[in-house]
Structures are given as C-alpha cells and as structure tokens.
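The values are calculated or read from the model by the stated rules, or taken from the named source; none is laboratory data. Values in this document were obtained by computation on a predicted structure and should not be read as measured data. Cβ coordinates were reconstructed from backbone atoms using ideal geometry, including for glycine residues, and neighbour counts include every protein chain displayed. Just the protein is used for accessible areas: all its heavy atoms, side chains included, with ligands, DNA and RNA removed. Shrake-Rupley method; radii C 1.70, N 1.55, O 1.52, S 1.80 Å.
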Amino acid sequence: MLGRTAGIVAVQAANNGQQVRGMATLKTISLRLKSVKNIQKITQSMKMVSAAKYARAERDLKAARPIGEGSKTFYEKAEVQEVGEKPEKLIVALTSDRGLCGAVHTSIARQIRNELCESPDNIKVICVGDKSRAILQRLFSKNISVVANEVGRKPPTFLDASKIAREITKQNFSSGKIVYNKFKSVVSYNTSELPLFSQGAISAAPKLSVYDSLDQDVIQSYVEFSMASLLFYAMKEGACSEQSSRMTAMDNASKNAAEMIDKLTLTFNRTRQAVITRELIEIISGAAALE
Amino acid sequence: MDDPEMASLARSSRAAFRLLSNKPSNIVSRRGYADEMDFTLAGANKVFYANANVRQVDVPSFSGAFGILPKHVPTLAVLKPGVVTVFEKDGTAKKVFVSSGTVTINEDSSVQVLAEEAHPIEDLDAAAAREQLTKAQSDASRASSEIEKAEALIAVEVAEALVAAAGQ
C-alpha cells in the first residue's frame, strides 16, 4: 500500500518535472538551433572549398589521362601476363588521409577486404593514405607492408607517385594491382583496378619479342617510369573522385542541416507560444480564484 | 581518329569490298594508308597530342636520338632530357622540351611519348635555365653521399638540356 502511494507520488513528481522542463526546453531548443546553424555554416564552407578543389582536380585529371592510358596500352599490346609459380600478390590501396567524403575510402577498403577474406596468404597491401590503413589494420595488420600518409591535403604530384613506385619496386611480387576510384561524374565514381606488373612478368611477355632493340636497362627504366605514371594517373582519378564526393556529401549535410533548422524553429516557436499561453492561463485563473 | 575525308576516299575506292562486308573493308583501307600514326605526347602537367596523326617525331633517348615515322619497328625507349620535335601533317614543326620519360612504339603504329614534365620551348626562359644549371652544378660539387651526388648530376643533366633547348 505504502509502496503504491510512493509510486504515485513519484509519477506525479515526474509529471511536474516535465512541466518544469517545458520552460527549459525552450532554452535547450534554442541551443540546439544555434549549434545546428553553426554546423550548417561549416558544411557549407567545406562544400565551397571542395568545389574549388574539385574544379582543379578535374582539370588536372584531364591532363593526366593520356599518360595513364598510354602506359596501359603497352601492357595490353604486349599481352603481359602474370608469372610465377608462387603467387605473391601486391595490392595498392589508393586513398587519402581525409574523411567526410562519402564512401570513397570505404569502398576501396571493402574491395580489398573481400579479397583478403578469401585468401589472406601471400597478399601484401600497400596503403596510401591513413584511411585505408585505419580500416584494414584491425583485421589484416599482417598483410599491410607499407603505409604512406600525408596524402590528400594537396593535389598529388608526380613526385608522390614516384615515391610510391619506388616502394613498390622494393617489394617482391609476381602480380599486383592498384585499387582506386575512377571518376565518372560529379555524382558518381567506380572503384576499379589497374594491373601492376613486375619486371619479370614484362620480360616474359609473349609479344615482347616483336619490340626491337631492348636490353635489361631499358626495360627496367621503362617499367619503373610506367609504374610511376600509372600510379600518378590513378592518384589523380582518386583525388578527383574524392573531392567530388566530398562536395556532394557536404551539400547533402547542408541540406539536412537546413531541414533540421526548419523543424527546430517550428518546435521552438510552438513551445514559446505554449509557454506564453500557460502563463496567461495561470494569471487568469489566479485572478479568477481571488474574486 | 577517322578522318572524314579519308574515310570517304577509302569508301569510294573500296566500294567493291564494301559490297561484301562493311567492317573488314574499313580495316583494309586503314592499313592501305601507310602514313598513319596514332601519336600521343603527354607530360604529367599537360597534353600536347592525344591520338593525333602526325608525319614524323624526333625523340632524344638514352640509346641515341631517333626519328619515328609511321610503321616504325615496335620498340621501347627511355627519354633523355631534351627536345622532342613533332612534324605535323601540314609540315609545321613543334618543339617540346621533355625532362624524362618513356617512348613506346607499338605494333599497330601507335606511338606514346610520355614525359614527367613537358613544355613547349617557346615557354622556356634562358636566363632561368642558366641559373638552374649553376645551382645544380654547385649542388653536385657539394653533395656528400652517393645518392645526393647522383640526384644532383641528374639535375645538372636536365639543366644543361634546358639551357640548350632555350637557346634554340
């Protein structure tokens, strides 16, 4: 019996609390409203920044396309194939250090993760950019051999690509690939792959014999340079997809914030009105009780 | 890639082939023209030619400078710092300075000259090039380790080629 009354009292207290909180909600709503407005300002300016960066990245990409296509043609024309009895695979994940750009990095990491889940042995991963490392290191830290960071703040240069190419040539592999995002349009990109071949694979290419006057030195320099240009091209594609994706993501975030602001303003005004009405009722009923 | 004029010429001359089948006749007529070259010249910074048809290309390579005409024997070469000269169809010559890169000539007469950096020689500043050369030379003499030395020597080589190209 006593317990039950206590329960009722408690419920009443809670009800009172809520009514008291009605006043406080006005304050909290206005605080929320302010913070959402600030967030919207931030996402809007981030969108502006990435729009400018995207314009540049797209221009750069146009200039870099022939260099990538050109390096790729030779591999196709010479019919280079992977060699080696012991398959040592190498995967290069081209991401960047920066987030807030949709699923750009996740889709690359997912593709590599699926492959690693199937057969985690004999696959080495080179992570370009902290994002791919952060995603892959939890489950596959054994497979990660090289990590490059400080990627993505500035547009990629040929020097960056050369540095990565140098690390790749140090690795021992029979076949490899670059996983990157191929830019399609402002709103879409494709996660695709480019093949990487070791010098051994190229020397053993069936149609290499049609090429005249080759020696090991020429092949070595050629392979190193074309690897760097392939990487350069892929990095440009990746950077362009990333910026365009960030632009869309930030645009969406600003729109969502605007929606939230609308709803919060409505609630704020309603609550304010309710508070005024309640206070009026209190005054009037107080006056009526005195009569 | 398909020149409309050429295509129409080919079509009229190969009318008999066309009666048999359309597609193979195109291939036959394309091969009939011996002076077709699928030429690409691109640097990491700029594209000069993309699948263009040109008359002749002269490139500097580590195995010696050589000229490429259509139907050149397939080969691979490494570009040396120097000037690539492109003779277009109408006979005008265009000179482009390249720092390093590769030359690929494929079986189907497609030629790719890919450079790390490429600039038309009109854009080169002779004074700046000379300055670069003296800086590179002093770097080379000051270099302590093997790698630094090699890097500086490459810079000297590029700068020398730059000066030579800017003087042209």
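Residues being assigned to a strand (DSSP E or B), of a type outside the set (Val, Ile, Thr) and either open to solvent by less than 10 Å² (accessible area, probe 1.4 Å) or under 23 Å from B:LEU76 (Cα atoms) (or both): count how many of those fall in the stretch B:86-105.
5
Being open to solvent by 50 Å² or more (accessible area, probe 1.4 Å) and within 12 Å of chain A (Cβ to nearest Cβ) is the filter here; which residues of the stretch B:33-65 pass it?
Those that are open to solvent by 50 Å² or more (accessible area, probe 1.4 Å) and within 12 Å of chain A (Cβ to nearest Cβ): B:ASN45, B:LYS46, B:ALA50, B:ASN51, B:PHE62, B:SER63.
Just to be sure I understand the filter: pairs with C-beta atoms under 7 Å, separated by 6 or more residues or on different chains, first member in the stretch A:62-77 and facing chain B (nearest Cβ under 7 Å) and on the phi < 0 side of the Ramachandran plot, second member in a helix (DSSP H, G or I) and open to solvent by 10 Å² or more (accessible area, probe 1.4 Å). Which pairs pass?
A:ALA64/A:LYS236
From the list A:SER285, A:SER254, which one is open to solvent by less than 80 Å² (accessible area, probe 1.4 Å) and under 30 Å from the mean Cα position of the chain (by Cα)?
A:SER254
What's the number of the only condition in (1) assigned by TED's automatic domain parsing to the domain that holds A:SER229; (2) surrounded by fewer than 19 Cβ atoms within 10 Å (Cβ to Cβ) that A:ILE91 fails to meet?
For A:ILE91, the failing item is (2).
Can you tell me which of A:GLY286, A:GLY238 is in a helix (DSSP H, G or I) and within 21 Å of A:LEU100 (Cα to Cα)?
A:GLY238
Say whether the condition of being out of contact with any Gly (no Cβ under 6 Å at 6 or more places or on another chain) and closer than 26 Å to A:ALA201 by Cβ is met by at least one residue in the stretch A:95-108.
Looking through the stretch A:95-108, at least one residue is out of contact with any Gly (no Cβ under 6 Å at 6 or more places or on another chain) and closer than 26 Å to A:ALA201 by Cβ.
Only one of these conditions is not met by A:SER185: (1) open to solvent by 20 Å² or more (accessible area, probe 1.4 Å); (2) out of contact with any strand residue (DSSP E or B) (no Cβ under 8 Å at 6 or more places or on another chain); (3) within 13 Å of chain B (Cβ to nearest Cβ). Which number is it?
(3)
Going through the stretch B:136-168 one residue at a time, which ones are in a helix (DSSP H, G or I), open to solvent by less than 80 Å² (accessible area, probe 1.4 Å) and hydroxyl-bearing (Ser, Thr, Tyr)?
Result: B:SER138, single match.
Of all the residues that make up the stretch B:106-135, how many are open to solvent by less than 20 Å² (accessible area, probe 1.4 Å), within 14 Å of chain A (Cβ to nearest Cβ) and either modelled with pLDDT under 90 or not in a strand (DSSP E or B) (or both)?
Qualifying residue count, the stretch B:106-135: 3.
Exactly one condition in (1) farther than 30 Å from A:TYR211 by Cα; (2) of a type in the set (Asp, Glu); (3) surrounded by fewer than 15 Cβ atoms within 10 Å (Cβ to Cβ) is not met by A:GLU79; state its number.
Looking at each condition in turn, A:GLU79 falls short on (1).
Just name the residue that is surrounded by the fewest Cβ atoms within 10 Å (Cβ to Cβ) out of those in the stretch A:191-234 that are more than 12 Å from chain B (Cβ to nearest Cβ), polar (S, T, N, Q) and within 29 Å of the chain's Cα centre (by Cα).
A:SER192
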